Amino acid sequence: MNSEHRQEQKNEPITVHLKTQTRFFVGKKPIKLFMGEDEIPVNKWREVVRILLKRCNREKHNELLSVRNKIIGMSRTILSDSGNGMDKPAKIDENIYFEIHFGTDTMLNNLFHIFDAIDYDYKDFLVTVKNSNRKSPQTHKDTKEI
């Protein structure tokens, strides 16, 4: 058993790369976000996403503007010039809104899809997480037909 797994079993916080498979983060609570020299306390995945997008906006504003209304999920736009048509829009900047009405896994995948589309380098960002006290929701991949 590796030390990372032992730490997780004891419910001790662990720090991992943000580029970890997003499914790993389901049922975990973020505690800190590390971006270069910046160490930011966080409480929710939505907060993590807002912080990351705002930093991306500062560094790649024009690129982010260029992909608005072009990245679409299964039923709605993920990054838009307005919050119209979004279930829960997060305002990142004037005319930049991100849909955050998703579970952790999907929300992070959507975020990374945007970052990849504009070549935003997030590979060195880290996040400290701990197991949530809540049970993580069962996904349809884990269910069996009776």
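Descriptive notes on the structure:
- Failed item, numbered, when Arg55 is tested on (1) in a loop (DSSP other than H, G, I, E, B); (2) surrounded by 14 or more Cβ atoms within 10 Å (Cβ to Cβ): (1)
- Test for Asn62: is it modelled with pLDDT of 95 or more and polar (S, T, N, Q): yes
- Here Phe102 fulfils each of the conditions (1) farther than 15 Å from Leu53 by Cα; (2) of a type outside the set (D, E, K, R); (3) surrounded by fewer than 16 Cβ atoms within 10 Å (Cβ to Cβ) apart from (3).
- Segment 84-95, subset surrounded by 16 or more Cβ atoms within 10 Å (Cβ to Cβ) and in contact (Cβ under 8 Å) with a residue 12 or more places away in the chain, residue farthest from Leu111 (Cα to Cα): Met86
- Qualifying residue in segment 71-80 (condition: crowded, with 18+ Cβ neighbours inside 10 Å and touching a residue at least 24 places away in the same chain (Cβ under 8 Å)): yes
The values are calculated or read from the model by the stated rules, or taken from the named source; none is laboratory data. Keep in mind that this is a model prediction, so the values were computed, not measured. All Cβ positions, glycine included, derive from the backbone under ideal geometry; neighbour counts span all protein chains shown.
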